Amino acid sequence: MLNAYSIKVRGVVQGVGFRPFVYRLARTNGLTGWVLNEEEGVEIHLEGEEKTLRVFMEELKTQPPPAASIVTLRVMPAEPAGCTEFLILTSQRQRKPTVRVSPDLPVCEDCRREVFDPQNRRYRYPYINCTNCGPRYTVIESLPYDRCNTTMAKWSLDSYCAAEYGDPANRRFHAQPVACPHCGPHYYFQQGDEIVRGDSEVAHVAVQQLKAGDILAIKGLGGYHLVCDARNAKSVAALRTRKYRKEKPFALMAADMEVVRSLVELTPEAEQLMTSVARPIVVAAAKVELPEVAPDNDELGVMLPYTPLHHLLFEAGAPDVLVMTSANRSSEPIAYEDDQAIGQLSGIADGFLIGERGIARRVDDSVVRAGVFGPAILRRARGYAPGAVAALPSERPILALGADLKNTVTLVVDGQAFVSQHIGDLDHYQAFRAFQATVGDLLAMYEIQPDKLLVVHDAHPQYVSTLHAMELEAAEKRAVQHHRAHIASAIAERAAWDQRVIGVSFDGTGYGDDHSIWGGEIFAGSVRSGFDRVAHLRGAVLPGGDAAASYPVQAAAGFLERLDDLPNVMAKPFSFGVRYLNAVRLVQKNMRTFPTTSMGRLFDTAAALTGFTRETTFEGQAAMWLERLAGKSPETEGYPFPYASGELDFRPLLKAVVRDRVRGRDVFEIARACHRGIALGVRDAVTQLCSTYDTKTIVLSGGVFQNEMLLNDLKTLLERDSCVIWTNHAVPANDGGISLGQAALAAFDTPEVFGFLGEEDSKCAERAA
């Protein structure tokens, strides 16, 4: 008896070879019907005997293409239409798209073998790809994912590629970016007015330049990289000087896993991340020191080659480990357009390896680590974005604009929360332009109309993202408090909307309900009911406001002002300097001094007392330095960090640091005692609050919880009390996860989702504008 079914598949099912897979599976099982891309995903009509239909369903669920991800599979009986064969039909557009867009994929082993096969048509072709690999998000200009909607549209397939594209038995069947040397784009090498062409020739020239110590700008999937020999200290130092990047570590690309293992200590979890389909930069403990690559740092960030061009360069004799850093000047977004790259990077790069295929949007490399609580994303971009990370109970579209640092944007469409790639710090003009472009890009891709849109932004009235929210056309606008958004981001990953938690949100800065600078907050509640602030770090002051984040001794002035009998910190062993004195004067006169509960600034203060008295050159540097010191110490007793009456009191801890520095205690032990003491104080606070609010679930989020030593201490302490600990995995614990938390709270209209701006805040925003 002939039966028929209509099947709708949602998830990452476009651009990953899903329709060809369905075609082959149907033909293998003798079924007829059709498959096509539609707005929500893939639609299938099947006709055949019930037994073979069931076999098809099982294999569809259990053996999808490697890069596909099925989220929902809806099967409904249908009327047989008398189909005589199985076809791939042209994509349909009747409604607005809600399909998940595939992230970019690393070159697969089949393509890698072909690119080095002299008998293959695509021998040494840097744009080789198939349905299992290659660009996706960075070439898609609109949905559905068809060639005409990508940056490959201007290259017509020749007869050879067209035959592969139309052959169901070929892995390039309906591979949208497919091309070959005869019909597709190429790379060329440019140095001044001289241009070299030819796939083998340009790789050879680039390698010779790298071996000679030159710095190259090389076009990748989501933008340009600045590249040099990582073992050539002179080249790396020159790159730092030209890029204005003083001390922040550079990312590395190693030729293969053997080289990776010689550079860093890899746990099985870290190796799994390294070789995963995302091919991120993995941060791990260094086994060697590469001068100038990661100053004052015991870790290296390493990734494997992920494009055919990378493999071609290493095969042509490139140094086995390369610095591979985003092509920009410090703090600017990555350059991705050819003219822009040549204009911006000509003073940095000695030569340019330029690809003719356009990039639809800039996307950095992702950064991850195998953390104490599992994989932890530090920067979410290539390989992960723009994947949906949560399902929210919202039928209306929500645009969450995130925070001003480490900005990402989240768009909720049909309940799916799509988190953008890392954008950057919005106080830099070019990053703000990238932010505007990303917002427009997501809204256009999913055809969101403003009359239905809810825009969510941070509660800070002077944030750049808040001011941009004021300019957007939308049905409604709301503000969400920064630290509650951190907690909600970790819960959203688990869709545990009603779970009562104690949420610990520690970071450097965020706008509090009382208009002060928060950063050491503990909440009780749930996403659905809202979060009450039930405890916090004892209040201090920040002289100079945000400037204190760059100068640990300046932050220290606001915390040490709360201590009695303070020794002369201008003298040895502290040697704080004139900036500290100026900050003290601000505190004493109460000028440009702001109340704060920032845990990030407490770590900076501890770092200053332990010896980090200079300016930081990248965010979190002083705290990372302190953690590095602590890692060199044996286990030691923690300093007192008592919790009482809703406050964590930092004064005993800082007094102990000052006392031990004066006594000459080893700074490694002091740093370790700081970490242990903070962990013990937090344990005391959350266990008391868990008892009060009848829960065992604790959420840890915010930039401070990128500190692996602190996390490890808390894990050990809290699991003894049978607590369940949730941290971020799909989005960063830092401000890169804020937009997801904003969207989650807005979806439930919880009490801390405020109206757009109050009267006082509106005036502040007007003055800031």
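The values are calculated or read from the model by the stated rules, or taken from the named source; none is laboratory data. Computed from a predicted model, the values in this text were never measured in an experiment. Positions of Cβ are generated from backbone atoms using ideal geometry, with glycine treated the same way; all protein chains shown enter the neighbour counts. Protein only, heavy atoms only, side chains kept; ligands, DNA and RNA dropped before computing areas. Shrake-Rupley method; radii C 1.70, N 1.55, O 1.52, S 1.80 Å.
Tabulated values for the structure
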{"quantity": "Only listed residue being closer than 29 Å to Asp298 by Cβ, open to solvent by less than 30 Å² (accessible area, probe 1.4 Å) and assigned to a strand (DSSP E or B), chosen from Ala376, Ala417, Ala370, Ala390", "calculated": "Ala376"}
{"quantity": "Unmet requirement for Asp666, which otherwise passes all of (1) surrounded by 17 or more Cβ atoms within 10 Å (Cβ to Cβ); (2) more than 34 Å from the chain's Cα centre (by Cα)", "calculated": "(1)"}
{"quantity": "Hey, Leu2 at pLDDT 90 or above, within 20 Å of Ala81 (Cα to Cα) and not β-branched (Val, Ile, Thr) or not", "calculated": "no"}
{"quantity": "Residues within the stretch 139-156 that are more than 28 Å from the chain's Cα centre (by Cα) and either within 18 Å of Gly17 (Cα to Cα) or among the β-branched types (Val, Ile, Thr) (or both), tallied", "calculated": "1"}
{"quantity": "Positions within the stretch 726-763 being surrounded by fewer than 24 Cβ atoms within 10 Å (Cβ to Cβ) and at pLDDT 95 or above, in sequence order", "calculated": "Trp726, Thr727, His729, Ala730"}
{"quantity": "Failed condition for Thr325, given (1) buried (at least 21 other Cβ atoms within 10 Å of the Cβ); (2) farther than 30 Å from Pro181 by Cα", "calculated": "(2)"}
{"quantity": "Selection from the stretch 150-164 of residues that are under 27 Å from Arg27 (Cβ atoms) and surrounded by fewer than 18 Cβ atoms within 10 Å (Cβ to Cβ)", "calculated": "Asp158, Ser159, Tyr160, Ala162, Ala163"}
{"quantity": "Every residue from the stretch 42-63 that is under 18 Å from Gln14 (Cβ atoms) and assigned to a strand (DSSP E or B)", "calculated": "Val42, Glu43, Ile44, His45"}
{"quantity": "The stretch 559-572 - residue that is over 39 Å from the mean Cα position of the chain (by Cα) and of a type outside the set (A, V, I, L, M, F, W, C) and, of those, surrounded by the most Cβ atoms within 10 Å (Cβ to Cβ)", "calculated": "Pro567"}
{"quantity": "Among (1) of a type outside the set (S, T, N, Q); (2) open to solvent by 30 Å² or more (accessible area, probe 1.4 Å); (3) under 30 Å from Gln344 (Cβ atoms); (4) modelled with pLDDT under 95, the one test that Lys243 misses", "calculated": "(2)"}
{"quantity": "Any hit, the stretch 507-528, residues being surrounded by fewer than 22 Cβ atoms within 10 Å (Cβ to Cβ), more than 22 Å from Asp458 (Cα to Cα) and in contact with a Lys or Arg (Cβ under 9 Å, 6 or more places away or on another chain)", "calculated": "no"}
{"quantity": "Condition met for Ile491 (out of contact with any Leu (no Cβ under 7 Å at 6 or more places or on another chain) and open to solvent by less than 10 Å² (accessible area, probe 1.4 Å))", "calculated": "yes"}
{"quantity": "Residue within the stretch 28-38 that is at pLDDT below 85 and of a type in the set (D, E, K, R) present", "calculated": "yes"}
{"quantity": "Among the residues listed as Pro118, Pro103, Pro66, the single one being out of contact with any Cys (no Cβ under 6 Å at 6 or more places or on another chain), buried (at least 17 other Cβ atoms within 10 Å of the Cβ) and part of a loop (DSSP other than H, G, I, E, B)", "calculated": "Pro103"}
{"quantity": "Number of the exception - Ser575 against (1) in a helix (DSSP H, G or I); (2) under 26 Å from Lys246 (Cβ atoms)", "calculated": "(1)"}
{"quantity": "Of residues in the stretch 6-37 being of a type in the set (Val, Ile, Thr) and under 30 Å from the mean Cα position of the chain (by Cα), the one surrounded by the most Cβ atoms within 10 Å (Cβ to Cβ)", "calculated": "Val13"}
{"quantity": "Residue among Ala270, Ala294, Ala278, Ala286 that alone is aliphatic (A, V, I, L, M) and within 14 Å of Gly383 (Cβ to Cβ)", "calculated": "Ala278"}
{"quantity": "Residues being in a loop (DSSP other than H, G, I, E, B), under 28 Å from Tyr336 (Cα atoms) and more than 31 Å from the chain's Cα centre (by Cα) - total across the stretch 159-199", "calculated": "8"}
{"quantity": "Selection status of Ala203, over 24 Å from the mean Cα position of the chain (by Cα), open to solvent by 30 Å² or more (accessible area, probe 1.4 Å) and modelled with pLDDT of 95 or more", "calculated": "no"}
{"quantity": "Some residue of the stretch 540-558 being within 26 Å of Leu689 (Cα to Cα), polar (S, T, N, Q) and crowded, with 17+ Cβ neighbours inside 10 Å", "calculated": "no"}
{"quantity": "Scope the stretch 435-466; condition touching a His at 6+ places or on another chain (Cβ under 8 Å), open to solvent by 30 Å² or more (accessible area, probe 1.4 Å) and within 29 Å of Ile359 (Cα to Cα); matching residues", "calculated": "Gln436"}
{"quantity": "Check on Arg95, open to solvent by 60 Å² or more (accessible area, probe 1.4 Å), out of contact with any helix residue (DSSP H, G or I) (no Cβ under 9 Å at 6 or more places or on another chain), at pLDDT 90 or above and more than 25 Å from Ala179 (Cβ to Cβ)", "calculated": "no"}
{"quantity": "From Ser516, Ser575, Ser598, residue being modelled with pLDDT of 95 or more and out of contact with any strand residue (DSSP E or B) (no Cβ under 8 Å at 6 or more places or on another chain)", "calculated": "Ser575"}
{"quantity": "Those helices (runs of 4 or more DSSP H) lying entirely in the stretch 232-316 with at least 1 residues more than 21 Å from the chain's Cα centre (by Cα) and free of Cβ contacts under 8 Å to residues at least 40 places away in the same chain", "calculated": "233-243, 257-263, 268-274"}
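Yes/no matrix, rows are residues, columns are (1) among the small types (Gly, Ala, Ser); (2) part of a helix (DSSP H, G or I):
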residue: Leu602; (1), (2): no, yes
residue: Thr613; (1), (2): no, no
residue: Glu619; (1), (2): no, no
residue: Lys632; (1), (2): no, no
residue: Thr636; (1), (2): no, no
residue: Ala656; (1), (2): yes, yes
residue: Asp660; (1), (2): no, yes
